[in-house]
Amino acid sequence: MCSMIVRFFALLLLFPVIGAIASECQYGQKRLTKIDSDRYSEQIKDWLANDTYGDDWACLMKERHLKRDSLKNCNPSEEEVQNFVPDKKILIEGKIKYMGMIPQGYRYEVSPDGIEVRIAFKGELGNNEDALKATREKLKFASEIWTKNSPGGKLKFTFRQVGIDEDPHFTVKLQTKVKGTKFNSLWGFDDSKFIVAHEVGHMVGLDDEYSVARTIVWQVKNEVDTRMCNLRSLMCDYYSSSAILYPYVYYQIQRRAYCLMNK
């Protein structure tokens, strides 16, 4: 009975997500899932096919993020956003609706030098220098992968660990034995550098792309096959060491700065 109840409520959670992503893209999420051939092979440690439907997933996820973002009614062209460089530092704050329902805050700075997120840590390991050193290494990796994948590699990202008194954008509890990270409030010390690179994506205002309901209800041993999204995307599958970031995520991040400075 409990299992049936969990499945029922998970499906209820899924309905608003499906409704929220009705779009003008060529394919919907359900259709893309059926035709997706971009499967990762654990045997050969590589993708089984080219990124055949990457553009279709990009269209779908771009529309989803626009609909879930608190900053609405400003949709400049991708060219305008990509060529935009602010002439001063600007703080970006807002909310993205997680699963299309639960508001989660984002906060970061955009300047002529790029994007910066300052993160302070508290909790069990918040003052442990060894733990903080290891976490700084993961944040350094995240900064590198976000910078490298930006259009032309031109947009610099800095995810930086700071003290509580150094004006952090986020204060995160850092501790061991965490069953799962909690968006921008709780990280596990044992999280891989790829998970950290995924989590900082929430701080700059990106939602999870995978199906939360499917992950909970229909979870199987192969983590990748439960994602129901573009399996190559870091915001879809943070288990893969070959996950990347697509241009549409950078559009979302820079769009806000462009819109705020071109009111």
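The values are calculated or read from the model by the stated rules, or taken from the named source; none is laboratory data. Everything numeric here is computed off the predicted structure, so don't read it as measured data. Virtual Cβ from ideal backbone geometry, glycine too; neighbours counted across all protein chains shown. Surface accessibility is based on the protein's heavy atoms, side chains included, excluding ligands, DNA and RNA. Shrake-Rupley method; radii C 1.70, N 1.55, O 1.52, S 1.80 Å.
Please go through region 150-168 and pick out each residue that is surrounded by fewer than 18 Cβ atoms within 10 Å (Cβ to Cβ) and part of a loop (DSSP other than H, G, I, E, B). Matches in region 150-168: Lys154, Lys156, Val162, Gly163, Ile164, Asp165, Glu166, Asp167. From the list Thr147, Thr171, Thr135, the lone residue that is open to solvent by less than 40 Å² (accessible area, probe 1.4 Å), hydroxyl-bearing (Ser, Thr, Tyr) and farther than 23 Å from Ser233 by Cβ is Thr135. Check region 179-189 and report whether any residue there is at pLDDT below 90, more than 16 Å from Arg64 (Cβ to Cβ) and either outside any loop (DSSP other than H, G, I, E, B) or acidic (Asp, Glu) (or both). Within region 179-189, one or more residues are at pLDDT below 90, more than 16 Å from Arg64 (Cβ to Cβ) and either outside any loop (DSSP other than H, G, I, E, B) or acidic (Asp, Glu) (or both). Inclusion of Tyr108 among residues that are buried (at least 18 other Cβ atoms within 10 Å of the Cβ), in contact with a His (Cβ under 7 Å, 6 or more places away or on another chain) and closer than 29 Å to Ser192 by Cα is warranted. For region 194-213, a residue qualifies if it is over 22 Å from Arg160 (Cα atoms) and either in contact with a Ser or Thr (Cβ under 7 Å, 6 or more places away or on another chain) or in a helix (DSSP H, G or I) (or both), and the qualifying residues are Glu209, Val212, Ala213.
Scan region 32-75 for residues that are open to solvent by 80 Å² or more (accessible area, probe 1.4 Å) and closer than 30 Å to Gly94 by Cα and jot them down. Listed by number, the residues that qualify are Asp55, Lys67, Lys72, Asn73, Asn75. Scanning region 51-93 for residues that are under 18 Å from the mean Cα position of the chain (by Cα), touching a residue at least 40 places away in the same chain (Cβ under 8 Å) and within 22 Å of Gly105 (Cβ to Cβ) turns up Met61, Lys62, Glu63, Arg64, His65, Leu66, Lys67, Arg68, Asp69, Leu71, Ile92.
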